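Asker: Below you will find the structure I want to go over with you.
The values are calculated or read from the model by the stated rules, or taken from the named source; none is laboratory data. What you see is a predicted model; the values in this text were computed from it and never measured. Every residue, glycine among them, receives a Cβ derived from its backbone with ideal geometry; neighbour counts consider all protein chains shown. In case anyone asks, the SASA skips ligands and DNA or RNA and just uses the protein heavy atoms, side chains included. Shrake-Rupley method; radii C 1.70, N 1.55, O 1.52, S 1.80 Å.
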Amino acid sequence: MLRGALTVPLIMSAGTLGAIAHAPRASGANGKLIDFAERQVPAEQIAAAGYVGALVYVSELRPGATFDFKPVTREYTDSLRAHGLQVVSCYQYGKPGWPTPSDYTRGFDGGVADAKTALRLHGAAGGPDSAPIFFSIDEDIDTDTWKSVAVQWLRGINSVLGVERTGVYGHAGVCQWAAADGVVGHSTTPGYRWLWQTRAWSGGVRVPEAVLFQSVIVTASNPGISLGGTHVDEDEILTADYGQWDLPR
């Protein structure tokens, strides 16, 4: 999260049939999702904890990383859906000092490459061609960095996905700039854009057009939420259409 990507197969797995038989739970505002990368959290534990669903990574694993959740698999998304959970696609490969640089630093051509990878993995995991994909700007960038390189990266993504399927994760400024520059799409809920705002680096500012707000973040000083043998971030759902796969658009 299909132009140029795999579509959902006509031959459905048992997990997919289960997802159809058990429609996802409430998908509107006021619920919460989790996001995580280090260790896969079993779907039944996410459901038992009362979450609406999870954000899943449609990106490859960075060299040297020990995570077991990138990229997300069809088996796992089928399991989430079979347990009545919502699924939202996100993308992040690089990270400052990993040693790969942040994805946005590669500009327009990097955006093209990242979008193609995201589409391929989103489709392989069962993601529909109507759902957006949120691309991460996971650091505290300023307006000069936005104007010189980050917005060009998103325009590269737009050239592959189209603007209306492009979403962004970042601080309040990133969300505001992305909306103003027209590089992110619109939720079907009027007044909302494909903006996943993080509390980090936002200085207490909230962006009213955001569909998701990452309110609990795993850091060295804050372990986040303990679930499934790992620690996870927690995300507030702010509107009915926040990019979930199982919402007709």
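Asker: Take the residues of the stretch 219-249 that are β-branched (Val, Ile, Thr) and assigned to a loop (DSSP other than H, G, I, E, B): which is farthest from Cys90 (Cα to Cα)?
Answerer: Thr219
Asker: Taking the options Gln176, Gln214, name whichever one is under 25 Å from Phe69 (Cα atoms), at pLDDT 95 or above and either open to solvent by 50 Å² or more (accessible area, probe 1.4 Å) or in contact with a Lys or Arg (Cβ under 9 Å, 6 or more places away or on another chain) (or both).
Answerer: Gln214
Asker: Select from the stretch 39-70 the residues that are over 19 Å from Gly97 (Cβ atoms) and small (Gly, Ala, Ser) and write down the one among them that is most open to solvent (accessible area, probe 1.4 Å).
Answerer: Out of the qualifying residues, it is Ala48.
Asker: Quick one: count up the residues across the stretch 93-127 that are open to solvent by less than 30 Å² (accessible area, probe 1.4 Å), in contact with a Ser or Thr (Cβ under 7 Å, 6 or more places away or on another chain) and in a loop (DSSP other than H, G, I, E, B).
Answerer: The number of residues fulfilling the criteria is 4.
Asker: Can you confirm whether Ser202 is open to solvent by 50 Å² or more (accessible area, probe 1.4 Å) and either among the polar types (S, T, N, Q) or outside any loop (DSSP other than H, G, I, E, B) (or both)?
Answerer: no
Asker: Here's a follow-up. Scanning for something touching a helix residue (DSSP H, G or I) at 6+ places or on another chain (Cβ under 7 Å) and either outside any strand (DSSP E or B) or within 20 Å of Arg81 (Cα to Cα) (or both), does the stretch 190-197 turn up at least one residue?
Answerer: No, that holds for no residue.
Asker: Kindly establish whether Thr7 is open to solvent by 20 Å² or more (accessible area, probe 1.4 Å), farther than 25 Å from Val218 by Cα, β-branched (Val, Ile, Thr) and modelled with pLDDT under 90.
Answerer: Against the criterion (open to solvent by 20 Å² or more (accessible area, probe 1.4 Å), farther than 25 Å from Val218 by Cα, β-branched (Val, Ile, Thr) and modelled with pLDDT under 90), Thr7 qualifies.
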